[in-house]
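First up is the structure itself, then whatever we jot down about it.
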Amino acid sequence: MISYEPLFHTMKSKGISSYRLGKMGFPLSNYHAMRRGENISTHTLNHICKLLHCRVEEVLVYIDDET
């Protein structure tokens, strides 16, 4: 499963709130979808990486959910 937990750590370390992210042009509907762990497009992933000047690894991580 994909987890967006790294995104929230990245935002915190850069001092960027969801409000500021929205003001930077990132749709809050996409942000809230990520908060809920829903799917996003590669376009959305590219957009947030560009805005935050970060790598994909700083936005999401794959977690093997087979236990």
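Hey, does segment 5-27 have a residue that's open to solvent by less than 50 Å² (accessible area, probe 1.4 Å), in a loop (DSSP other than H, G, I, E, B) and closer than 28 Å to Asp65 by Cα?
no
Sort out which residues of segment 41-55 are over 16 Å from Lys12 (Cα atoms) and either without any contact (Cβ under 8 Å) to a residue 12 or more places away in the chain or open to solvent by 70 Å² or more (accessible area, probe 1.4 Å) (or both), and write them in order of number.
Listed by number, the residues that qualify are Ser41, Thr42, His43, Asn46, Lys50.
Quick check on segment 13-40: of everything there that is among the small types (Gly, Ala, Ser) and more than 11 Å from the chain's Cα centre (by Cα), which residue is farthest from Ser3 (Cα to Cα)?
Taking the candidates together, the pick is Gly25.
The values are calculated or read from the model by the stated rules, or taken from the named source; none is laboratory data. None of these values were measured; they are calculated from a predicted model. Backbone-built Cβ (ideal geometry, glycine too); neighbour counts: all protein chains shown. Ligands, DNA and RNA are excluded from the accessible area calculation, which covers all protein heavy atoms including side chains. Shrake-Rupley method; radii C 1.70, N 1.55, O 1.52, S 1.80 Å.
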